[in-house]
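Since the structure comes first, as structure tokens, the remarks are kept for the end.
The values are calculated or read from the model by the stated rules, or taken from the named source; none is laboratory data. Remember, it's a predicted structure, so these values are computed and weren't measured experimentally. Here the Cβ positions follow ideal geometry from the backbone for every residue, glycine too, while neighbour counts run over all protein chains shown. Heads up: the accessible areas ignore ligands, DNA and RNA and are worked out on the full protein's heavy atoms, side chains in. Shrake-Rupley method; radii C 1.70, N 1.55, O 1.52, S 1.80 Å.
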Amino acid sequence: MKLTEQPEQRKETVEEAVTTTAEADAMDNKGIGPVKSVELGDIDAAMATKGADLFKNMCSACHKMDKKFIGPALADVTERRSPEWIMNMILNPEQMIKEDPIAKKLLVESNMAVMANQGLSEEEARAILEYFRQYDTEN
């Protein structure tokens, strides 16, 4: 009977290793999309306000800051993901879900609810990132 259990145990070990590796490298992962590098300085309050408005209008139907809703909770996202990854997920969700290991895992955790491409510009995605940064600093 142990022989039949071993493949399943190996599968769980491999899945755990892949998950652990993906999470350990999360801040190094820039995602897949147009954003290759983001320069961060002090939080730009005006940009964060614009990002808060965009988030409310474009994202809040599926995302809440403090709890999982249709999509994952976004509080502390700037501590879990690189700025480039966040912006690429906003700008290029279809390709991210197909090719990025973190996005694939999030898709499964969200019961296969695919993130919609809202057609935002890089400037708008950057504003949402600034809102996340401000939120994470204040909360």
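Only residues that are open to solvent by 80 Å² or more (accessible area, probe 1.4 Å) and at pLDDT below 95 were counted across segment 105-132, and they come to 5. All conditions in (1) out of contact with any Asp or Glu (no Cβ under 8 Å at 6 or more places or on another chain); (2) open to solvent by 30 Å² or more (accessible area, probe 1.4 Å); (3) in a helix (DSSP H, G or I); (4) touching a residue at least 60 places away in the same chain (Cβ under 8 Å) hold for Met47, with the sole exception of (1).
Counting only helices (runs of 4 or more DSSP H) wholly contained in segment 64-139, the ones carrying 1 or more residues that are hydroxyl-bearing (Ser, Thr, Tyr) and under 21 Å from Glu39 (Cα atoms) occupy 77-80, 122-138. Within segment 63-78, residues that are under 11 Å from Asn111 (Cβ atoms) and modelled with pLDDT under 95 sit with their Cβ atoms under 7 Å from residues that are open to solvent by 30 Å² or more (accessible area, probe 1.4 Å) and not aliphatic (A, V, I, L, M), at 6+ positions apart or across chains, in these pairs: Ile70/Cys62; Gly71/Cys62.
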